[in-house]
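Structure first, commentary second.
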Amino acid sequence: MMRRSTVLAVAATAACLAALVGCDDDTAPAAPPSVSATATSTPESAPTPTATPTPTATPSTTPTATPTVTPTATATATAVATTAGGAIDPEKALALAEKSPYAATQDFTTEGGPLSAVTKARVNLNAPVRSGRLTESMSAGGSDLLGGTGDDGPTVVVTDDGTTYIKSGGSWRTSPLGDRIPDYHGYAKALLGVGPSARKGMEDCDGTPCFHLSGTLDIERMKVVEPEQYKLFKGKGVAAFQLDQWIDAQGRTVRYDRRTELRGVPMRTHGTFRDFGPVEKVGAPV
């Protein structure tokens, strides 16, 4: 049986690994509109009525006009990120996402040894400041260590000005850890930098066409996109990690799966993003 001191040490590590920002289900907007809007078609024109000059005149029929479909801006943008055959071009998709901040609901799980941490989040990504709200829980061998059923647990809020607040014991305090939300866009670009071997091709992500990127990244790749996590991994002697990421035609991360090993303990952080929508304001908690 694992000694209590060992469990607590691994718990502290997992707590850092699970620090992914967002909001719980109560504060996340229900099914916000997707950034990927459906192109609207101009309704088919009705036949133009023709006046009858005399009672004996044969009425003329005006041919029905063929509707002209004007693609919306979103449809056009999506087309830019795909090839002629409809496959996603990951480089074009990521370039598109770089110019288009968005909000998303995040559901992540971190597993390592006897520990399991769950983070539910509503985050703003690709904006000048990554902001959002989260709730998280953690258990070891079935026993709650943080949060749990019937307990909201600690809450983290990163505001639009980059200030991080942590709720503990019913009160809020600021935190010096400002990168609670990783730069997932930066991770996807790092995978592209691995070369052709990282391009695994098109896959279906619960009905959404996605492009699968996969590869092993050197720990130094993490330094810019997730500085605090980089410090943790570096301090634990981690040299590299395996990352799989799935992006849609607009360059947004839909699925994420990172695996590594800390002091002989396999660690995995994986989950999904959904309910994409416009960037949402995040103010200081009250």
> Out of curiosity, is SER175 small (Gly, Ala, Ser) and closer than 16 Å to VAL254 by Cβ?
Replying inline: no
> Which fully enclosed strands (runs of 3 or more DSSP E) of segment 187-286 have 3 or more residues being surrounded by 18 or more Cβ atoms within 10 Å (Cβ to Cβ)?
Replying inline: 208-218, 240-247, 253-262, 265-277
> Considering only residues of segment 70-84 that are part of a loop (DSSP other than H, G, I, E, B) and surrounded by fewer than 16 Cβ atoms within 10 Å (Cβ to Cβ), which is modelled with the highest pLDDT?
Replying inline: THR83
> Limited to segment 85-116, what total is found for residues that are part of a loop (DSSP other than H, G, I, E, B) and closer than 15 Å to PRO209 by Cβ?
Replying inline: 4
>> For a quick check of your reading of the model, give me the residue pairs whose first member lies in segment 136-153 and is under 16 Å from ALA121 (Cα atoms) and of a type outside the set (Ser, Thr, Tyr), whose second is at pLDDT 75 or above and exposed (fewer than 14 other Cβ atoms within 10 Å of the Cβ), with beta-carbon atoms closer than 8 Å and at least 6 apart or on different chains.
In response: none
> Mind checking which residues of segment 227-276 are β-branched (Val, Ile, Thr) and under 19 Å from the mean Cα position of the chain (by Cα)?
Replying inline: ILE247, THR253, VAL254, THR269, THR272
> Limited to segment 101-117, what total is found for residues that are over 11 Å from the mean Cα position of the chain (by Cα) and of a type in the set (Ser, Thr, Tyr)?
Replying inline: 3
> Is there any pair linking a residue in segment 101-123 that is crowded, with 24+ Cβ neighbours inside 10 Å and of a type in the set (Lys, Arg) to one that is outside any strand (DSSP E or B) and modelled with pLDDT under 95, with Cβ under 6 Å and at least six apart or on different chains, and which?
Replying inline: ARG122/GLY22; ARG122/CYS23; ARG122/ALA28
>> Which count do you get for residues in segment 157-186 that are touching a Ser or Thr at 6+ places or on another chain (Cβ under 6 Å) and part of a helix (DSSP H, G or I)?
In response: 1
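The values are calculated or read from the model by the stated rules, or taken from the named source; none is laboratory data. What you see is a predicted model, and the numbers here were worked out from it, not measured in a lab. Because the Cβ atoms are built from the backbone with ideal geometry, glycine has one as well, and the counts that use them run over all protein chains shown.
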